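The values are calculated or read from the model by the stated rules, or taken from the named source; none is laboratory data. Fair warning: this is a prediction, and the values are worked out from it, not measured in the lab. Don't worry about glycine lacking a Cβ; one is built from the backbone with ideal geometry, like all the others, and counts go over all protein chains shown. Keep in mind that these areas ignore ligands, DNA and RNA; they rest on the heavy atoms of the full protein, side chains included. Shrake-Rupley method; radii C 1.70, N 1.55, O 1.52, S 1.80 Å.
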Amino acid sequence: MPRLSEEALEVMNSFPPFSERAGEWRYTEADMGTLQMNVGLKCNLACKHCHVESSPARTEAMSRKTMEECLKVVRDRRIGTIDITGGAPELNPSYEWLIREAAATGAKVMTRSNLVILKEAKYAYLPELWADLGVVVIASLPHYVKKNTDKQRGEGAYDGVIEGLKKLNALGYGMGEGAGPDGKTLELDLVYNPGGAILPGDQAGLERDYKERLAADHGIRFDNLFAIANNPNGRFGNRLAETGRLEGYMGKLVGAFNEATLPTMMCRTQISVGWDGRLYDCDFNQAAELTCVDGGTVAELAADPSAPLKREIAFGNHCYGCTAGAGSSCGGATA
């Protein structure tokens, strides 16, 4: 059952079906470049824009067995990138094991983090582990102004992120080629989300602003900024419906639909695995509980390395969030 309320679903479904706009791009590529793993919904924060409705109260967590199946699929299919997300993925009891085993596959390993979690003594060691393994860190910082970030993520979140970024810089993250341990180049990327029911600004311009302000205010450096539109799903979608703003936001997304974003939709080159092993086309579909068209689990993929990955994509009207303006994905703008 989708997590959107009946009121929100009624508003979403009042707009033209996104599936009718997809045309020839309604199928994935034959080979997947990325396997994304949502390893749990528990989080130390409860952000207003969270589409998967993570919070400290959630208990869902991916099992070690499902993680092993994911890694087998990566090895069997020679998938180039493993994208680890949550919740706060660090809260999964097998997180350190997963990071080490993922790095051992030879794939590029990315971990998403709110960085505030690193203030807890139990997780303070993780930056050194990431650096030793050469893991790409993608950190969420909704805005470079403290009050804007704290409004979206909770009091004290901004200071926690800044503290984490400074620690990562000290280890060589975001500091340029060969700045990490043993001459590693350590990539540090940031994620920007708008503060409300508006589309992101120009990604390149936002990146320049972030780099200037964070360097001037805190001496912080990073590599790339990803501007991601707030998806009208989960906590964000329901909040908009409750305050009478969902129809207006959907109108903006539909009105800004950009056909040029269709070939580069992230769902066309990735497979997303939920905490329970079910397969999705993307993390936003996980929030909507919209599984792959043919269903399936990562256990089934692991058991049959010859099973085709090309599939018809399951679309919902929340997909307008990925195709409005310059487009949006877990890696930022797409057009």
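Okay, here's what the table says:
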| read-out | value |
| --- | --- |
| Separation of alpha-carbon centers, segment 29-76 and segment 81-128, rounded to whole Å | 11 |
| Rg/Rh ratio calculated on Cα atoms of the chain (Kirkwood radius) | 0.94 |
| Where chymotrypsin sites (Phe, Trp or Tyr not before Pro) fall in DSSP loop in segment 116-216, at most 14 other Cβ within 10 Å | Tyr125 |
| At most 16 other Cβ within 10 Å, DSSP loop - GluC sites (Glu not before Pro), segment 221-325 | Glu289 |
| Efficiency of FRET from Cβ geometry, Glu242 and Phe15, R₀ 30 Å, rounded to 0.05 | 0.95 |
| Accessible area (Å², per residue) of the chain, counting only protein heavy atoms and a probe of 1.4 Å | 41 |
| Candidates Thr59, Thr185, Thr149: whichever shows maximal mean-square fluctuation once the chain is modelled as a Gaussian network with Cα springs under 10 Å | Thr59 |
| Relative contact order for the chain, counting Cα pairs under 8 Å that sit 6 or more residues apart, in percent | 25 |
| Descending semi-axes in Å of segment 156-259, equivalent ellipsoid built from Cα gyration tensor | 34, 15, 12 |
| Relative contact order [Cα under 8 Å, 6+ residues apart], segment 121-245, whole percent | 24 |
| Value of [θ]222 nm, deg cm²/dmol, for the chain, DSSP H segments ≥ 4, -39500 (n - 2.57) each, nearest 500 | -9500 deg cm²/dmol |
| Fraction of accessible area attributable to carbon and sulfur, the chain (%, probe 1.4 Å) | 50 |
| Relative contact order of segment 1-110, defined on C-alpha pairs under 8 angstrom at six or more residues apart (%) | 28 |
| For segment 1-147: rounded, prolate or oblate by the Cα gyration tensor [a/c cutoff 1.5] | oblate |
| Protein-only accessible surface order, largest first, of Glu207, Glu155, Glu163 at 1.4 Å | Glu155, Glu163, Glu207 |
